[in-house]
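The structure under discussion appears below in the form of C-alpha cells.
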Amino acid sequence: MDYEQTTDTDEFTEWERDDGHATIRLRKRADGQFAVRYDQLHQADAGRAYAYETVESREAAEALVAEWRNDSPA
C-alpha cells in the first residue's frame with residue numbers, strides 16, 4: 001500500500017498508509033539522534049504492531065522510513 005505524508009513540522013514528520021491503519025513517524029530527539037516509529041492497527045489477537053528504532057542521522061532515519069514503507073504488509 002502507499003503512504004501519504006500527512007504532517008511535516010519542526011517537531012516531526014509523519015506518513016499515513018492509504019487505508020489509515022498504519023503510520024510512520026520520524027522525529028529528532030533532544031539528544032540529537034533520530035527516532036522512527038512504525039505503528040499499525042491489526043485485526044488480530046495480538047492487537048497493534050509497534051516498532052521503534054533510534055538512529056544517529058537524519059539520512060539513516062529517512063532510509064529506515066523508506067524501508068518500512070516498502071516492507072509494510074497490506
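The values are calculated or read from the model by the stated rules, or taken from the named source; none is laboratory data. This one's a predicted model, so the numbers in the text were calculated from it and none came from an experiment. Glycine gets a Cβ as well: all are built from the backbone with ideal geometry, and neighbour counts include every protein chain shown. Just so you know, the surface numbers come from the protein's heavy atoms only, side chains and all, with ligands and any DNA or RNA stripped out. Shrake-Rupley method; radii C 1.70, N 1.55, O 1.52, S 1.80 Å.
Miscellaneous remarks
- Summed over the stretch 28-65, the residues that are at pLDDT 95 or above and of a type in the set (G, A, S) give a count of 7.
- Residue in the stretch 1-24 that is modelled with the lowest pLDDT, counting only those that are open to solvent by 70 Å² or more (accessible area, probe 1.4 Å) and within 14 Å of A66 (Cβ to Cβ): D2
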